[in-house]
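The values are calculated or read from the model by the stated rules, or taken from the named source; none is laboratory data. In this text, all values refer to a predicted model and were calculated from it rather than measured experimentally. With ideal geometry, Cβ positions are generated from the backbone for all residues, glycine too; neighbour counts draw on all protein chains shown.
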């Protein structure tokens, strides 16, 4: 081992290993992009999620032109369009070459609040009314699918993080307590976990969702869904953490911590749980997708986030008929986002597992040299 | 008298039945005294040490006896009072600080933890106190050491850091469980001299648990010799060393 290798800390070693996995780095950037777009959805989209124009129901994606009909270059623009019905009573949108709407950047649009604080109406791009720009087409009520997908990311992406945060707090604590005390405490807590895990997840989800009062507003429904998801998923983690704590509590530093006069809870939280961190980080990454999928599933069947609020799941619920899929395939775009997000979390989680485990790290390096 | 043990009995309960580990141990520690608790492996000396802090984990159970520390009966204390005592008035130094320190935190963090627990100092005061403690145990470059992880230090430094941590709660009694067994002879002597210095400067009493009668001979004021869970001989160090009455003590003497 040469000098430069020696001076690297565990974190640096892990980082180096991570960087070698190009695909994982790509996925990490993609995730970053998705979260970035969700946070700044207001600026990045031309319309708010509830801005509708019924005349443009199921309008296809607007074509952005750079050439005028005379064949000259111009700034990007779109033609206005209007719906006609063909002989099958199917809507078809025909571009009206007389109406031109140039694409404008940083224009005033629907109002919003930056990070919930300052009122603002700046949008990255849009076209002048009455023209409407549909980057990825429109839904049944003529709302811009692009805007709704980006806004939908706010709910779909945050539900995974917040859900994981809550259920891991519960899981770590319950697992830690069960593992640390052992005996009867352990028995009781683990039987409760097993009872929870016994139910098929999705049915438990549906049943719990049914308990939520219908009078709840969207924010309350959102919180309810997060809580329900966390409630379902903490048990599996608690079992694993409990197993790790059973062996960790025998370590001498636990006895030493007791001899220092720390309380049991302090010992669990400050001395035992940090040792499960490398497992937890990987496990968190790998379990976020299940929250996203569960929310999508719930919203898809109409029990999750309610219209007009957008989540990837309830956007997809529009595509539940053959007519929509056949004639408006862009309705499936939210599905691509769900797929991408889930894939990214899995790839990054796998890569993290490889690079956080010092044993695996050594093996890989030997095999590649 | 700082600490007084009366007829301490510890038994282990298991499915195979119960067995006595420590039977009827009585001794006392005076203020500013180093007491050497000597015995072979399995003689119950470490168990006795842990029993004083009420740190025995089932199946080990104290079945009989009384421990009086500063005129209070330790077995009559509530959990919270007992916790305040641990790391506070009675602190423990372990045999292998590599295992007794939590590997994922720095030395400074772990000393700070005791200060949070047992003092009401502010953050900056704690930081200063931490460096003072490291300095007190004659650690060179306390700032660097406080930022190091346990595995980055040598055995001697780790033991000093462990002592600094034990001193953080201003203890009256230090229980040192084989504090020098994993160190080489020269460092052993330095650590023991440090114990003696701390005893004088901080008016500490120390229970030195060891299997090495040589250490006890040089550094302790009185000695308790244990064998198979019972005391075979106790008294002033000079008297015991010069005139060992029990055959086991003589055997230990010959091993020097």
| Search result, residues across segment B:119-169 that are surrounded by fewer than 22 Cβ atoms within 10 Å (Cβ to Cβ), closer than 16 Å to residue B:103 by Cβ and within 14 Å of chain A (Cβ to nearest Cβ) | B:147, B:148, B:149, B:151, B:152
| query | Quick one: would you say residue A:238 is in contact (Cβ under 8 Å) with a residue 40 or more places away in the chain and under 30 Å from residue B:105 (Cβ atoms)? | reply | yes
| note | The residue from A:305, A:325 that alone is under 20 Å from residue A:140 (Cα atoms), away from every other protein chain (no Cβ under 14 Å) and not in a helix (DSSP H, G or I) is A:305
| field | Yes/no for residue A:236 being surrounded by fewer than 16 Cβ atoms within 10 Å (Cβ to Cβ) and in a helix (DSSP H, G or I) | value | no
| query | Among the residues of segment B:80-96 satisfying the criterion of being in contact (Cβ under 8 Å) with a residue 60 or more places away in the chain and in a strand (DSSP E or B), which is nearest to the other protein chains (Cβ to nearest Cβ)? | reply | B:92
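Residues are listed down the side, and each one gets a yes or a no for (1) in contact with a strand residue (DSSP E or B) (Cβ under 8 Å, 6 or more places away or on another chain); (2) within 17 Å of residue A:330 (Cβ to Cβ):
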position	(1), (2)
A:52	no, yes
A:58	yes, yes
A:65	yes, no
A:71	no, no
A:76	yes, no
A:83	yes, yes
A:109	yes, no
| request: Return the total of residues in segment B:97-112 being more than 7 Å from chain A (Cβ to nearest Cβ) and either farther than 15 Å from residue B:149 by Cβ or assigned to a helix (DSSP H, G or I) (or both). | output: 8
| task | Within segment B:184-237, track down each residue that is farther than 27 Å from residue B:22 by Cα and not in a helix (DSSP H, G or I). | result | B:184, B:203
| query | Residues in segment B:31-68 that are part of a strand (DSSP E or B) and either surrounded by fewer than 15 Cβ atoms within 10 Å (Cβ to Cβ) or more than 14 Å from chain A (Cβ to nearest Cβ) (or both): how many? | reply | 14
| query | Does residue B:175 count as modelled with pLDDT of 90 or more, over 16 Å from the mean Cα position of the chain (by Cα), buried (at least 21 other Cβ atoms within 10 Å of the Cβ) and within 12 Å of chain A (Cβ to nearest Cβ)? | reply | no
| From the set of residues in segment A:263-296 that are within 19 Å of residue A:10 (Cβ to Cβ) and surrounded by fewer than 16 Cβ atoms within 10 Å (Cβ to Cβ), which is nearest to the other protein chains (Cβ to nearest Cβ)? | A:274
| Out of all the residues in segment B:63-84, which are within 23 Å of residue B:113 (Cα to Cα) and within 19 Å of the chain's Cα centre (by Cα)? | B:82, B:83, B:84
| said: I want to confirm something. Restricting to segment A:246-257 and keeping residues that are surrounded by 20 or more Cβ atoms within 10 Å (Cβ to Cβ) and under 41 Å from the mean Cα position of the chain (by Cα), which single residue is nearest to the other protein chains (Cβ to nearest Cβ)? | reply: A:253
| request: Taking residue A:337 as the residue in question, decide whether it is assigned to a helix (DSSP H, G or I), surrounded by fewer than 19 Cβ atoms within 10 Å (Cβ to Cβ) and either within 28 Å of the chain's Cα centre (by Cα) or in contact (Cβ under 8 Å) with a residue 24 or more places away in the chain (or both). | output: no
| query | Can you tell me which of B:90, B:67, B:52 is within 28 Å of residue B:215 (Cβ to Cβ) and in contact with a helix residue (DSSP H, G or I) (Cβ under 6 Å, 6 or more places away or on another chain)? | reply | B:67
